[in-house]
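Colleague: Mind looking over this structure? Questions follow.
The values are calculated or read from the model by the stated rules, or taken from the named source; none is laboratory data. Model, not experiment: these values are computed from the prediction. Heads up, the Cβs are rebuilt from the backbone with ideal geometry, glycines too, and the neighbour counts pull from every protein chain shown. Note: areas computed on protein heavy atoms with side chains; ligands, DNA, RNA excluded. Shrake-Rupley method; radii C 1.70, N 1.55, O 1.52, S 1.80 Å.
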Amino acid sequence: MRTRTILHTLLLLAVTGGVPTARALTQDELITRIQAAGYSQVGEIKSTAEGTTARAMKNGKEVRLVIDSSGQIKERN
């Protein structure tokens, strides 16, 4: 019963904004996520209107990346 009460309280806090449900990635976390997706030499990280952009290498080619607010990594030409 106590566990159920605690879970209900946490759910209520999350719904009302008392518990942060998401946070922005730090630059180091962003680089780690990009590298985990198979990219190397990550650099030129900038915040833009379309999301966070970066340059990186993959399969011997330089690529431009856009990382949206949900953390999705997309290549741009």
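Colleague: Can you send over the solvent-accessible area of Ile45, 1.4 Å probe, protein chains only, in Å² to the nearest 10?
Modeller: Result for Ile45: roughly 50 Å² accessible.
Colleague: Under 11 Å from the Cβ of Ala37, count the other residues' Cβ atoms, weight Lys and Arg +1, Asp and Glu -1, and hand me the total. Walk me through the intermediate numbers first.
Modeller: Details: positive: Arg33, Lys58, Lys74; negative: Glu75.
My count for the surroundings of Ala37 gives +2.
Colleague: Still on this structure: Give me the number: length gained by fully extending Gln35 to Val63, i.e. 0.36 nm times residue separation minus the C-alpha to C-alpha distance, one decimal in nm. Each step should come with its number before you reach the end.
Modeller: Numbers: separation 28, 0.36 × 28 = 10.08 nm, distance 1.29 nm.
My answer for the length gained is 8.8 nm.
Colleague: Per 0.36 nm of contour for each residue apart, how much would the distance between Arg55 and Ser70 grow if the chain were fully extended, relative to their Cα-Cα spacing?
Modeller: Numbers: separation 15, 0.36 × 15 = 5.40 nm, distance 1.88 nm.
Net length gain for the segment: 3.5 nm.
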